[in-house]
Amino acid sequence: MLDLISSTPVVRILVLLAVFAAVVAVAMAILTLVGRRITLRGELRVIASKGGASAAGPSTLRQTSGGAWTKLVDKIEASGVSLTDTKGDVLREQLRLAGFESPLAPRIYTLLRLVLVIVLPSAYVLSVLASGGVISFMQLYIIGSLLAVLGLYVPNLIVRYRASRLTQALTNGFPDCLDLLLICVEAGLGLEAALDRVSREMALSHPDVSSLLATATLRLRAGATREEALRRLADDAAISEIRSFSTLLIQSDKLGTSIGDTLRVYAAEMRERRRMRAEEKAHRLPVLISIPLVACMLPTMIGVLMLPVVIRVVRQIMPAMMN
């Protein structure tokens, strides 16, 4: 490989360009990360010196929303390449459920898919040419098409995987959230104060649930009604248990019933559902284990049991039949 690189000028230039691009990408990533940390530290100093977050809030949001991705997307779209997906609303909802809430997320997602569709077949072709191989037209067509399809669907699979992991984390952490909410309400806190307290308490154990409750608390403080904030909470989570929880709280607020009793009953129901899900997974294990058991152990057991018979047939019965 080294001899090929040193003896072929084209390959040497391609390798040098690849190394240069990698170094530039790493340097830009490090500079972006350092610049963002410096900006956040400066904003924190301003907040600490002024004693409030309202003066620096909007500028912080504008600065954190910008960056290298914004400039890259703007330059690509300015060149005439549209990164807007035809199903923009559906894509935006999928990315939001996966945890990508930035307004640039759909365009960055489309950009990554386009880049992977071009980069993966090109990397295959360059690797084969660098190793001195020859690519036929049929081989280039089949493998290039497979790599292009792979690059087109890999981001979609990653988004779906992250969405399922986030949904599972919210589902597993919400019963603990209900228990803490019940304790706070019974201690005399209002719903807004209880949501704020639980979001701060669960920041380390269940950060996704904490972020969901913190967003609902900020909406209440911004002037949204309790019904609107709870409905937005259910829409952000997109989980049936949290939708039922929001509906119960809205009905309790409208009818004037005790929120503590509502939380106590629903917390017990959520714990029962979590126990039933654990039992369901436990009951599925024997069925899942039987597949590798039959595929791997059964042929070995049959071979061990039949081997003495085969040896006896070969040593005794076969010679007798030959005579």
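The values are calculated or read from the model by the stated rules, or taken from the named source; none is laboratory data. Here the structure is a predicted model, which is why all the values come from computation and not from measurement. Reconstructed Cβ throughout: ideal geometry from the backbone, glycine too, with neighbour counts over all protein chains shown.
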Item to check | helices (runs of 4 or more DSSP H) within the range 244-323 that include 2 or more residues within 25 Å of Ala169 (Cβ to Cβ) | outcome: 259-292
Item to check | Of all residues making up the range 90-123, the number that are part of a helix (DSSP H, G or I) and under 23 Å from Arg165 (Cβ atoms) | outcome: 16
Checklist entry - Given (1) among the basic types (Lys, Arg); (2) crowded, with 16+ Cβ neighbours inside 10 Å; (3) closer than 30 Å to Thr110 by Cβ, where does Arg197 come up short, assuming only one miss? => result (3)
Next on the checklist: Test of understanding: among Ala130, Ala148, Ala193, which residue is assigned by TED's automatic domain parsing to the domain that holds Lys254 and of a type outside the set (D, E, K, R)?
Outcome noted: Ala193
Next on the checklist: For the range 95-118, check the following and say yes or no: at least one residue is surrounded by fewer than 18 Cβ atoms within 10 Å (Cβ to Cβ), at pLDDT 85 or above, closer than 23 Å to Ser246 by Cα and within 15 Å of the chain's Cα centre (by Cα).
Outcome noted: no
Next on the checklist: Looking only at the range 254-264, how many residues end up being modelled with pLDDT of 80 or more and more than 17 Å from Ala187 (Cα to Cα)?
Outcome noted: 2
